[in-house]
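The values are calculated or read from the model by the stated rules, or taken from the named source; none is laboratory data. These numbers come from a predicted model, not from an experiment. FYI the Cβ positions are ideal-geometry reconstructions off the backbone, even for glycines, and counts take in every protein chain you see. Areas reflect the complete protein model, heavy atoms only, side chains present, ligands, DNA and RNA absent. Shrake-Rupley method; radii C 1.70, N 1.55, O 1.52, S 1.80 Å.
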Amino acid sequence: MSEQRTVIVGAGQAGGTVAATLRRLGYPGTITIVGDERWPPYERPPLSKGLLQGQVEIDKTFLRPVAFYAEQDIALVSGTQVREIDRARRELRLDAGDPLRYEQLVIATGARARRLNVPGSDSPAVHVLRGIDDALALRAALAPSSRLLIVGGGFIGLEIAASARALGVAVTVIEQAPGLMGRVLPPAVASCLAAVHAGHGVEIRTGVALLGLAARPGGGVIAQTSDGDMPADVVAVGIGSIPNAELAKAAGLNVDDGVLVDEFGRSSDDSIWAAGDVTRHFNPLLGRHVRLESWKNAQNQAIAVAKAIAGQPAPYAELPWLWSDQYDLNLQLAGLPQGGEQLVWRGTPEEGRFTVLGLANGRPTFAITMNQAREMRFAQQLVARGAPVDPLRLADVSTPLQRMVA
């Protein structure tokens, strides 16, 4: 009988969670995590918030203390690139050292920040925020007297904006689309978020395209935009991400905007699994493949993969959920807005807290809460159930949401 040997490529939250869960489930084989960063597995949400603001130490972002891996007999190979997957031999070719054999392989390589493709985008003033080193570099560049231009009005761009304002930095956000958060929030909700940022002194310009960046005498850049020139000391780019699926594609696995996996995280090769931002997984609740980038997805999909490898398979079938903290605002979203849904509001933006549910043919398909986290649990249940609801009753704040779930 061959030795049980699981190798995990990627030392992010998904990779670290697969390893820890395997041990918790009593997996007796060898476990090796190979990561291309110098850090042990860590969580990404603090990077744009506490770490960027200097309020959180680096080790507080770690998924588990460094000593955990040795204590659990998990080999952690940091700062190493996997160059090739040899499926026939079940071996990995590394950039240094001997090939690494596997019986089960987990691809948890995450995603990388999408880069600008305009003249001058290689300026040292331009930053992205995806990893710890990115956050440290951006933090070092932000002085209270500096001017920060953020390209992209999505979650990461707005979280950077909130953190920069907390540091006393002047912030301008440009977004090519007509409104902020266009891929995930209805315009009416996005407008509420824009108002919050404007109230904190952020200049927001939507419908503005970046055309190029020119070096500015004395440092910084002049951003050439469709709305005129804008000087900036620092530029932060938040225009989406690209799944790191090249390794899987080169190995002949099915890839389409991420590694295609089933509800257990299994790829087109029965001995290869994938978890986290790099995957496009089949979601039984939605009845289709989706690629998600969120803390919950990285954690819970990784748990499902570990269970399958350990012989305790349980499908990963959860309603997509993500959250964002900006200033004193907590925003949560469950489900995936498609556009055209009827919006039912519980509360108003003027109150600073509300819940919005999107209905399609009378059935809840998504829920958004702003500073109303207690309602999210019950809103999620309504969306997951998908049964028709009475919009008037739903909008009545005197009727607790839990009564509508019962």
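Here are the numbers for this structure:
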quantity	calculated
Built amide H within the under 5 Å cut-off of D277, gap 5+	G110
Cut-off under 5 Å, modelled amide H: who pairs with V255 long-range	L260
Length-normalised contact order for region 240-377 - Cα pairs under 8 Å, 6+ apart - percent	14
J(HN,Hα) series, region 8-22, from Karplus relation 6.51 cos²θ - 1.76 cosθ + 1.60, nearest Hz, glycine and proline x	10, 9, x, 10, x, 4, 5, x, x, 6, 4, 4, 5, 5, 4
Candidate lysines - alpha carbon under 25 Å from K296, same-chain residues fewer than 8 apart omitted	K49, K60, K307
Area accessible to solvent at K307, 1.4 Å probe radius, in Å²	70
Furthest towards positive pole of dipole, L322, Q55, F68, structure part the chain, Cβ charges	L322
Rounded to whole Hz, the Karplus (6.51, -1.76, 1.60) HN-Hα couplings of region 318-327, x for glycine and proline	10, 5, x, 8, 9, 9, 8, 9, 9, 6
Tensor-based shape of the chain (alpha-carbon gyration tensor, a/c under 1.5 rounded, otherwise prolate or oblate)	oblate
Spacing of the two label points (7 Å from each Cα toward its C-beta) at Q55 and A67, in nm	2.9
Stokes-Einstein D in µm²/s, Kirkwood radius over Cα pairs - region 1-88 at 10 °C with 1.306 mPa s viscosity	113
Protein-only accessible surface order, largest first, of H127, H281, H200 at 1.4 Å	H200, H127, H281
222 nm mean residue ellipticity, helices alone, for the chain (DSSP H n ≥ 4; -39,500 (n - 2.57); rounded to 500)	-7000 deg cm²/dmol
Cα-projected label distance for D270 with E203, points at 7 Å along beta-carbon direction, nm	6.2
Average Cα contact separation per residue, the chain, under 8 Å, 6 or more apart, as relative contact order %	14
I33, I156, reordered so the largest accessible area comes first (probe 1.4 Å)	I156, I33
Accessible area of E43 in the full protein assembly, 1.4 Å probe (Å², nearest 10)	50
Rounded accessible area of W273 (nearest 10 Å², 1.4 Å probe)	10
